[in-house]
Amino acid sequence: MPDWLDDQAYAAAVARVAAKGRAPRLPDLRFAPLAEGRCLQTLHLGPFDDEAPLIARMHDHIAETGHSLGGRHHEIYLSDLRRTAPEKLRTILRQPVDLS
């Protein structure tokens, strides 16, 4: 998150969304720093269901370079799922890497 976004701004945004009553997964959100260190990152184009082979290739590349996974991968969604055709979805895939 950007430096200017703090707990208070996050709470206000959650309250605005909750007031609309259309976010059943809202309680699953969390606002926390993410200190993951070095990562392998790539852009996935297409449906979420098609990400697994690319994640496997990332894991293979990490192993081939003599490193290991440094934690669980995560995803940054760049597209609005409600307004974007599945084949045009853009997702950044990030895999923390242990360089030791």
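Nothing in this text is a laboratory measurement; each read-out follows from the coordinates by a stated rule. As the structure is a prediction and not an experimental result, all values here were calculated from the model. Reconstructed Cβ throughout: ideal geometry from the backbone, glycine too, with neighbour counts over all protein chains shown.
What the table below lists for this structure:
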{"item": "Summed residue charge, Cβ within 14 Å of K88's Cβ, Lys/Arg positive, Asp/Glu negative", "result": "0"}
{"item": "Net charge of Cβ neighbours under 15 Å - reference A9; Lys, Arg +1; Asp, Glu -1", "result": "-1"}
{"item": "Electrostatic dipole magnitude of the chain [Cβ: Lys, Arg +1; Asp, Glu -1; Cα centre; debye, to 20]", "result": "500 debye"}
{"item": "Relative contact order of the chain, pairs being alpha-carbon contacts under 8 Å that are 6 or more residues apart, as %", "result": "33 percent"}
{"item": "As computed over the chain, the Cα convex hull volume per residue (Å³)", "result": "121 Å³"}
{"item": "With Cα atoms, 0 to 90° folded angle of helix 7-20 axis to the chain main axis", "result": "60 degrees"}
{"item": "Given charges at Cβ of Lys, Arg, Asp, Glu: the chain dipole, positive-most of A52, G21, T65", "result": "G21"}
